[in-house]
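All remarks here apply to the structure that follows.
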């Protein structure tokens, strides 16, 4: 006999949620198998759609999932494995939304090994994060295919279209190159950060920030600042790649550009090398200081590349440096005890049962049992490729 939700304990509610979601995933796999049988027998798919009262786009989506991820049979009746066995092996663990995003990712023709990364991500993050990760893998692959010799001809330059509107207003749209876009974003983000008395809509905040930039530029001597520093661009790149101009670099926010572009930025910029634990800057302050230094902040930007919580896409400029073991509890202000977290996930980690650790310099999050009964360690795959995570003590 099913117990009414109002009579369940707090833990019981979450246990029921986990059980219900598992049942829904099982039912979805059965739905795909039945649809695959309809297709195998050549039955009328319009009749199937009317029976299940589904939108044609839903049926098309399910058909794609069944074709890609379920076993099939040959014309002679021989069993055939799934076209994509990596996803097929865990299809019962994933939701309709996750399978939809994995099918989309396959259509992007991503590099070898991408499906394994996306499937691992799908087991711990929402479908939207899987889509973002697939897009980043695609962007990285496209950047790697750019011929460095022909790059200036291949890259679109800065373009701005203007149109006068009634009342003296101005409409504009355009496109910026990687270098210009990086500079623009570095100046815009400190001014467009959410604030209690400001607009909640991100587009309105960016619009107001852009207007502020225009006023600041007109005075030339005033520039916005962030954490006490002038607007800057952090570029993480291998020294040999920078010297030769061949390879790729990483901008804050996980935007990729070529080594040749990084060289052009370095020509008219102050180069701030990111040295993790090097001799050029003191990165580990131990118990001597609670607040994070500028040098440590740069190192965290290069290591975490944004909010380290699994599935979060927030860039490093919008994150706080969180002490894994709180400073008041004896934790040190060292890189191994620090992790970048956006305000939302900073609060979540403080007030929930999520645990954080670093393994090999990579932040790892262990969910509470009501989120994952197995408490499998998770990483944010949106900012960096996965690294092996040894079993962590419960």
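The values are calculated or read from the model by the stated rules, or taken from the named source; none is laboratory data. Note that this is a predicted model, so its numbers are computed, not measured. When we count neighbours, we look across all protein chains shown, and the Cβ atoms used for this are built from the backbone with ideal geometry, even at glycine.
Overview of results
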{"read-out": "Unique residue being out of contact with any strand residue (DSSP E or B) (no Cβ under 7 Å at 6 or more places or on another chain) and over 26 Å from residue 371 (Cα atoms) when the list is 71, 75, 79, 5", "value": "75"}
{"read-out": "Region 151-172, residues that are at pLDDT 80 or above and part of a loop (DSSP other than H, G, I, E, B)", "value": "158"}
{"read-out": "Unique residue being at pLDDT 90 or above and more than 23 Å from residue 369 (Cα to Cα) when the list is 24, 108", "value": "108"}
{"read-out": "Wholly enclosed strands (runs of 3 or more DSSP E) of region 332-388 bearing at least 1 residues closer than 23 Å to residue 11 by Cβ and in contact with a strand residue (DSSP E or B) (Cβ under 7 Å, 6 or more places away or on another chain)", "value": "355-359, 362-366"}
{"read-out": "Any helices (runs of 4 or more DSSP H) falling wholly within region 37-150 and containing at least 2 residues that are over 25 Å from residue 25 (Cβ atoms), touching a residue at least 60 places away in the same chain (Cβ under 8 Å) and outside the structural domain of residue 367 (by TED's automatic domain parsing)", "value": "127-145"}
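Residues are listed down the side, and each one gets a yes or a no for (1) farther than 26 Å from residue 202 by Cβ; (2) buried (at least 22 other Cβ atoms within 10 Å of the Cβ):
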position	(1), (2)
317	no, no
320	no, no
325	yes, no
332	yes, no
336	yes, no
340	no, yes
347	no, no
360	yes, no
